[in-house]
Amino acid sequence: MKLKPQTALIHSPRQAPQYIHTVQPPLFRASTIIFENTDALFNRHWTDDYDYSYGTHGTPTTFTLGDNIAQLEGGQYCLLTPSGLSAINLVNSCFLSHGDEVWVADNIYGPNMEHLRNLEQRYGIIVKVYDPICADSFQPTEQAKLIWLEAAGSVTLEFPDLINLVKKAKAKNILVALDNTWGAGLAFNAFNFSQEHLAVDISIHALTKYPSGGGDILMGSVVTQDQTLHYQLFRMHAIQGISISGDDAAQVQRSLASMQLRYQHQSQSTLKLLNWLKQQAVFAQVLHPADSDNVSHAYWKETCETQQSAGLVSVIFKPEFDLMAVRKFCDQLQLFKLGFSWGGPVSLVMLYQLDQMRQLERPHLQRGILVRFCIGLEDAEDLIQDIQAALEAISI
């Protein structure tokens with residue numbers, strides 16, 4: 001059939017041959033998926049991860065990334081979300097109902113706590129807080145449905161007593177969800193850790209951080225091993241209309257190849273800064289789980305068999321440095337940029353007032369203003385000099 005120009009522009013006959021192979025998988029952008037025939041239309045099933053039906057369900061681009069994230073985490077199934085927080089919210093909305101009890105660590109990611117408190121007020125779930133380095137503080141009732149772990153906490157950086165907390169939850173058939181953004185699937189395997197081969201049920205990951213690596217993409221993931229759990233999450237994912245951009249998925253996929261090298265570099269740079277920071281008299285405390293003086297060091301050591309850690313280190317200024325002095329310190333930094341998130345090429349800094357964050361008494365933490373350094377890909381010596389210059393500007 002001879003087509004008029006306008007129609008011919010829309011219905012191009014050229015299709016990429018299947019034998020074409022490239023270093024990176026081809027990018028698929030789609031809302032509508034074209035079915036080959038009515039048999040394909042009527043035989044589709046929502047539980048088939050590779051049964052393409054609509055863009056929100058997935059494309060070869062998003063499924064490829066999901067498969068790789070599942071492999072990275074040591075799981076079997078992966079759902080992608082528009083951010084790390086949306087991954088957390090997917091888990092909460094899928095498994096928590098009126099009267100259910102959920103346990104969260106005192107050092108949990110703040111927006112997760114805020115979301116749970118909102119669900120508590122609106123829908124009647126029960127939020128309980130435990131100390132992540134004291135498994136005895138986790139005392140679930142018969143209503144307990146879910147426990148959130150974070151290894152390590154992203155501000156005060158305690159590594160939890162993961163082994164005993166998971167054992168305790170499993171003994172009572174409580175779902176175990178882990179925010180594994182810090183470990184990134186590289187520090188330890190969330191689905192096979194310790195000599196007892198323990199596993200969490202759900203691992204969420206802010207792909208915004210290390211997998212993306214550029215500080216310019218928002219994305220999250222939810223990884224599971226159990227098929228039943230996956231289908232429950234898959235159904236909630238579908239009915240909430242959760243989807244991600246194919247372009248963003250392709251960018252994260254491309255960055256995965258260098259992720260381990262970046263993680264190792266930032267881990268090593270952070271340890272160099274850790275050793276230097278501990279020698280500075282202005283700090284009451286330096287926080288990092290790989291530090292042998294850290295209260296959670298033993299938990300990190302027994303869980304993270306690779307002995308790696310994320311590029312985060314926090315300091316607590318001595319009491320004589322008030323909020324204004326610490327703000328001045330942050331403003332004086334040149335290489336460390338003031339901003340949230342971490343895992344990208346540029347080093348970041350953020351300050352926190354601990355007395356406004358803690359819900360439990362934490363005797364292992366000194367009083368003072370906390371500053372978190374997120375180590376990028378710069379040379380560690382340059383970062384040390386940057387901090388030194390900023391400290392000199394506020395010396396008292």
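The values are calculated or read from the model by the stated rules, or taken from the named source; none is laboratory data. Please read these numbers as outputs of a predicted model, since none were measured by experiment. Virtual Cβ from ideal backbone geometry, glycine too; neighbours counted across all protein chains shown.
Residues that are among the hydroxyl-bearing types (Ser, Thr, Tyr) and surrounded by 20 or more Cβ atoms within 10 Å (Cβ to Cβ) within the range 154-197 comprise Ser154, Thr156, Thr181, listed in sequence order.
Suppose we keep only residues that are assigned to a helix (DSSP H, G or I) and within 18 Å of Ile34 (Cα to Cα) within the range 1-18. Which one would you say is modelled with the lowest pLDDT? Working first, answer last.
So in the range 1-18, the residues assigned to a helix (DSSP H, G or I) come out as 5-10.
From what's left, within 18 Å of Ile34 (Cα to Cα): 7-10.
Details: Thr7: 76, Ala8: 72, Leu9: 62, Ile10: 69.
Here the residue is Leu9.
Residue count for the range 106-120 under the criterion of being farther than 15 Å from Ser93 by Cβ and modelled with pLDDT of 95 or more: the result is 0.
For residues in the range 201-250 being among the polar types (S, T, N, Q) and surrounded by 24 or more Cβ atoms within 10 Å (Cβ to Cβ), which is farthest from Gly55 (Cα to Cα)? Walk me through how you get there before you give the answer.
Here is the first cut: in the range 201-250, the ones among the polar types (S, T, N, Q) are 203, 208, 212, 221, 224-225, 227-228, 232, 240, 243, 245.
If we keep only those that are surrounded by 24 or more Cβ atoms within 10 Å (Cβ to Cβ) as well, we get 203, 208, 221, 224.
Numbers: Ser203: 24, Thr208: 21, Ser221: 17, Thr224: 22 Å.
In this case the residue turns out to be Ser203.
The residues listed here are Leu116, Leu165, Leu178; of these, the one that is aliphatic (A, V, I, L, M), out of contact with any Ser or Thr (no Cβ under 9 Å at 6 or more places or on another chain) and under 20 Å from Lys301 (Cα atoms) is Leu165.
In the list Gln253, Gln280, which residue meets the criterion of being within 17 Å of the chain's Cα centre (by Cα) and either of a type in the set (S, T, N, Q) or surrounded by fewer than 19 Cβ atoms within 10 Å (Cβ to Cβ) (or both)?
Values: Gln280 fails: within 17 Å of the chain's Cα centre (by Cα).
Of the residues listed, the single one that is within 17 Å of the chain's Cα centre (by Cα) and either of a type in the set (S, T, N, Q) or surrounded by fewer than 19 Cβ atoms within 10 Å (Cβ to Cβ) (or both) is Gln253.
The set of residues from the range 54-80 being more than 17 Å from Asp248 (Cβ to Cβ), part of a loop (DSSP other than H, G, I, E, B) and among the small types (Gly, Ala, Ser) comprises Gly74, Gly75. Check the range 203-214 and report whether any residue there is hydrophobic (A, V, I, L, M, F, W, C), closer than 23 Å to Ser86 by Cα and in a loop (DSSP other than H, G, I, E, B). Yes - at least one qualifying residue is present in the range 203-214. Restricting attention to the range 284-342 and to residues that are within 19 Å of the chain's Cα centre (by Cα) and without any contact (Cβ under 8 Å) to a residue 12 or more places away in the chain, the residue that is nearest to Pro211 (Cα to Cα) turns out to be Phe340.
Take the conditions touching a strand residue (DSSP E or B) at 6+ places or on another chain (Cβ under 9 Å), farther than 18 Å from Gly311 by Cα and at pLDDT below 95 and apply them to Ser243. Does it pass?
On the way: touching a strand residue (DSSP E or B) at 6+ places or on another chain (Cβ under 9 Å): yes; farther than 18 Å from Gly311 by Cα: yes; at pLDDT below 95: yes.
The answer is yes for Ser243.
Quickly run through the range 343-354 and pick out the residues that are free of Cβ contacts under 8 Å to residues at least 60 places away in the same chain and buried (at least 22 other Cβ atoms within 10 Å of the Cβ).
Our first condition is that a residue be free of Cβ contacts under 8 Å to residues at least 60 places away in the same chain; within the range 343-354, this holds for 347-351, 353.
The answer is Ser347, Leu348.
Restricting to the range 329-365, count the residues that are farther than 12 Å from Val155 by Cβ, modelled with pLDDT under 85 and part of a loop (DSSP other than H, G, I, E, B). Total meeting the criteria: 5. Against the numbered list (1) free of Cβ contacts under 8 Å to residues at least 60 places away in the same chain; (2) closer than 28 Å to Asp131 by Cα; (3) touching a Cys at 6+ places or on another chain (Cβ under 9 Å), Glu361 comes up short only at (3). The set of residues in the range 310-341 being at negative phi, of a type outside the set (A, V, I, L, M) and touching a Lys or Arg at 6+ places or on another chain (Cβ under 8 Å) consists of Ser314, Pro319.
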